[in-house]
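The values are calculated or read from the model by the stated rules, or taken from the named source; none is laboratory data. All values derive from a computational prediction rather than experimental measurement. Methodologically, a virtual Cβ is constructed for each residue, glycine included, from the backbone with ideal geometry; neighbour enumeration extends over all protein chains shown.
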Amino acid sequence: MPNSSADEFLQQAGPRLAALVGELERCASPVEVAWALCEFSGPALGLADCVVYLLDGDGRTLTQQAAWGPKRAASRVLESRIRLRLGQGIVGHCAQQRLPQRTADARRDGRYVLDDQFNLSELAVPICIGDALFGVLDSEHPEPGFYGLAHEHALYAIAERGAMRLRALAGTADTAPG
């Protein structure tokens, strides 16, 4: 994808990520962090949608906590929430493996879980630091092959900043979930 919003973001990553960190520092809860990540990522990267799943207290399931795009019914209100087990769907695999998962055509990926509407491309990036998993930053797009390496790098950098704030909110890395 030539000169995408993700490429432009990466060219100016330093100051843009610093602005995100400033916004995250004002977040007083994990759910506020989730909303801040979505509200930053969607416009900054020109995404069709963006959803944050946070790891539940049981350490085995992820629940949608925030969204940017069609799933968002109103200001910081989700239309509906999906809950996935670790290993379930592209998001669950991302969380289980703690590695980004990018699919160019969901019709050919048996892990795809339908949410509010069918999309062809999906990119899921773990929100983690080391072995401490906090959740997944996920985006879907109606065009096949939409996400490139620049999108993956940009979302990963954004998710990493979110993980740092979530770790701080948890108290220490030792008390982090996952």
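Take the conditions at pLDDT 90 or above, surrounded by fewer than 16 Cβ atoms within 10 Å (Cβ to Cβ) and not β-branched (Val, Ile, Thr) and apply them to residue 99. Does it pass?
For residue 99, the condition - at pLDDT 90 or above, surrounded by fewer than 16 Cβ atoms within 10 Å (Cβ to Cβ) and not β-branched (Val, Ile, Thr) - is met.
Can you name every residue in region 20-32 that is in contact with a helix residue (DSSP H, G or I) (Cβ under 8 Å, 6 or more places away or on another chain) and outside any loop (DSSP other than H, G, I, E, B)?
20, 21, 23, 24, 25, 30
Counting only residues that are out of contact with any Gly (no Cβ under 8 Å at 6 or more places or on another chain) and not in a helix (DSSP H, G or I), which one in region 3-19 is modelled with the lowest pLDDT?
3
If a residue has to be exposed (fewer than 14 other Cβ atoms within 10 Å of the Cβ) and modelled with pLDDT of 75 or more to count, how many in region 71-80 make the cut?
So the answer is 2.
Looking at region 22-29, can you tell me whether even one residue there is more than 20 Å from residue 166 (Cβ to Cβ) and either buried (at least 20 other Cβ atoms within 10 Å of the Cβ) or of a type outside the set (S, T, N, Q) (or both)?
No: region 22-29 contains no residue that is more than 20 Å from residue 166 (Cβ to Cβ) and either buried (at least 20 other Cβ atoms within 10 Å of the Cβ) or of a type outside the set (S, T, N, Q) (or both).
Which fully enclosed strands (runs of 3 or more DSSP E) of region 100-166 have 2 or more residues being within 22 Å of residue 21 (Cβ to Cβ) and either over 11 Å from the mean Cα position of the chain (by Cα) or of a type in the set (Val, Ile, Thr) (or both)?
121-129, 132-141
Can you tell me which residue within region 119-163, out of those that are touching a helix residue (DSSP H, G or I) at 6+ places or on another chain (Cβ under 8 Å), surrounded by fewer than 19 Cβ atoms within 10 Å (Cβ to Cβ) and of a type in the set (A, V, I, L, M), is modelled with the lowest pLDDT?
129
Could you count how many residues in region 33-42 are surrounded by fewer than 21 Cβ atoms within 10 Å (Cβ to Cβ) and either outside any helix (DSSP H, G or I) or in contact with a helix residue (DSSP H, G or I) (Cβ under 9 Å, 6 or more places away or on another chain) (or both)?
Looking only at that region, the number is 1.
Show the residue pairs meeting these rules: Cβ distance below 7 Å; 6+ apart or different chains; first residue within region 115-140 and farther than 12 Å from residue 161 by Cα; second residue of a type in the set (Phe, Trp, Tyr) and modelled with pLDDT of 95 or more.
Here the result reads 121/146; 121/147; 123/147; 125/156; 135/53; 136/53; 138/53, each pair linking region 115-140 to a residue that is of a type in the set (Phe, Trp, Tyr) and modelled with pLDDT of 95 or more.
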